[in-house]
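The structure appears right after this line, and notes come after that.
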Amino acid sequence: MRAVTAPEPGGPDALVVSEHPDPTAGPGEVVIDVVASAVNRADTLQRQGFYPPPQGASDVLGLECSGRVSDVGAGVEGFAVGDEVCALLAGGGYAEKVAVPAGQVMPVPSGVDLVTAAALPEVACTVWSNVFMVAHLRPEETLLVHGGAGGIGNVAIQLAKAYGARVLTTAGTAEKRAFCEQLGADRAIDYHEEDFVAVAKEQGGVDVILDNMGGKYLDRNVSALATEGRLVVIGMQGGSKAELDLGKLLSKRGAVIATSLRARPTEEKAAICAAVVEHVWPLVSEGKVRTTVHDTVPLDEVSRAHELMGSGAHTGKIVLSIGS
Ligand SMILES: NC(=O)c1ccc[n+]([C@@H]2O[C@H](COP(=O)([O-])OP(=O)(O)OC[C@H]3O[C@@H](n4cnc5c(N)ncnc54)[C@H](OP(=O)(O)O)[C@@H]3O)[C@@H](O)[C@H]2O)c1
């Protein structure tokens, strides 16, 4: 099979499409003939050598895919050869075939085509696990989503709105802010020109923050929290280190949590996937939550897909088309 690795860390040109042995389905696994995968910011970090795959995971890039089941391992129930599925992966999605634990394989939500389905697992699992399972966002509460026009951000806005929350978000251009408001955000904040803390305070503070910036925003995020607010850090685009004023956090009885989906044990990922199928897929099928595909790029042009993500010009997800 053809698959993409980054044998030497570097820019988008470091990505190499080459032949690899076909995977087989071990006990508890299924093999998927991949139709599409999608690019995540973590893939660009892996390419640069900053985000190695967890122990035992494939060195082929790709954290999600869609396709058809082509082999089912011992002990797997609920999947058969030919089923159309999508999957959350620890790696291996930028390939013609991938073996994946059955608990991370999900049906394609009805009404979603197989290519678009590749752009759903990572964002749906990240947003559901962090905003709802970890931070317990409740209806009527306010969520601040940083980077609302990004792959993660655009789904976070829609899911929070679908569950009756108020949503503030940040974005870098007028077009992206308009996009966020079309998705339902109550207020899209210009992160270059406006102070999101001031906007949050106008609302009495925010109950939950989904943060992609890490160190750079830590102090301001804590300032933006309401009493008993929860800050969930999922990205370190603004660095991993900062000073935390515990007094400020303590006076709000606030929480700062940081999580990584990729490194979670298989059983936890399976529980998250099951929750996503139960709580998110119905909203996707009803059209209340959709993933926005900015561009679909053939596997052979994977470097162009990474260049696009690096440029920040995209809105929503970048999909890689791999099979038919
Ligand atoms: N921990 C986990 O398990 C996990 C899982 C998945 C993703 N992530 C993280 O989630 C983040 C988003 O991933 P993605 O795949 O959605 O990437 P993406 O589509 O490239 O989105 C990146 C976002 O960052 C925003 N951004 C850049 N500078 C900003 C600033 N100063 N203030 C606020 N926002 C800013 C961009 O906004 P503009 O486009 O408007 O400039 C864009 O929306 C990444 O940091 C990724 O590593 C973490």
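Just so it is clear, none of the values below were taken in a lab; they were calculated from the coordinates. These numbers were taken from a predicted model, which means no experiment stands behind them. No Cβ is skipped: glycine too gets one built from the backbone with ideal geometry, and neighbour counts run over all protein chains shown.
Using a Gaussian network model of the chain in which every pair of alpha carbons under 10 angstrom is joined by a spring, one finds that among 305, 160, 74 the greatest mean-square fluctuation is at 74. Each distinct pair of alpha carbons in the chain adds a 1/r term; the inverse of their mean, the Kirkwood radius, is 19.9 Å. Assuming a viscosity of 1.002 mPa s and a temperature of 20 °C, what translational diffusion coefficient in µm² per second does Stokes-Einstein assign to region 81-172, Rh being the Kirkwood radius over Cα pairs? Diffusion coefficient, whole number: 147 µm²/s. Work out the FRET efficiency for residue 48 and residue 198 from their Cβ-Cβ distance, taking R0 = 45 Å, and round it to the nearest 0.05. Approximately 0.80, to the nearest 0.05. Note on region 220-324: the alpha carbon radius of gyration divided by the globular reference 2.2 N^0.38 Å gives 1.45. For region 1-90, the Cα-based Rg and Dmax, in that order, read 14.0, 41 Å.
Just list whichever of 201/288; 97/176; 97/269; 216/288; 252/288; 201/248 have alpha carbons separated by over 24 Å in the model shown. Check vs 24 Å cut-off fails for 201/288; 97/176; 216/288; 252/288. The alpha-carbon atoms of region 137-252, seen along their principal axes, cover 38, 29, 23 angstrom, with the largest extent given first.
Place a +1 charge on the Cβ of each Lys and Arg in region 1-89 and a -1 charge on the Cβ of each Asp and Glu, then give the dipole magnitude about the Cα centre in debye, rounded to the nearest 20. Write down the numbers at each step before the final one.
Values: 4 positive and 13 negative charges, 53 e Å.
For region 1-89, the charge dipole is close to 260 debye.
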